[in-house]
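Read the structure below first, then the notes.
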Amino acid sequence: MAKIPKNLSDNDMLSVWDKKAQAESREEAEKVSVKDAAKPSYESGFLTPELQQSIGKAMLELKVKLYKEGIVDYNMKVKQEGNQIVLTAVPRKVKPKR
């Protein structure tokens, strides 16, 4: 185990820690960006940014509506009906506590 240097000022102690933290965060960011670039998702090709925004807005409105009804815990079910894709919010069943 390395010896701890003595008689360092607060700034000296923090500068060593900051350098280590910055190096680690840089390495993690590089790993994440490499993973994201290497894995193109075929599902995302169907959704344009405008479509993602409109779906997100509709889902947020649904979430607020369910919250006002007292439904907080639910699952989203996806069905295809002819030429339509239907998202349905299904409340989860609450298990009774024993």
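Tabulated data
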{"quantity": "Per-residue HN-Hα couplings for the range 60-67 [Karplus 6.51, -1.76, 1.60; θ = phi - 60°; Hz; x = Gly/Pro]", "calculated": "5, 4, 5, 4, 5, 4, 5, 5"}
{"quantity": "Per-bin percent of Cα-Cα distances, the range 43-91 [10 Å]", "calculated": "23, 48, 27, 3"}
{"quantity": "Label-point separation, Gln84 to Ser15 (7 Å along Cα→Cβ), nm", "calculated": "6.7"}
{"quantity": "R0 of 22 Å, Cβ-Cβ distance Val64-Arg92: FRET efficiency to nearest 0.05", "calculated": "0.75"}
{"quantity": "Difference of contour (0.36 nm per residue) and Cα-Cα distance, Val72 to Leu51", "calculated": "5.0 nm"}
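Here, each number is a calculation from the coordinates, and none is a lab measurement. None of these values were measured; they are calculated from a predicted model. Virtual Cβ from ideal backbone geometry, glycine too; neighbours counted across all protein chains shown.
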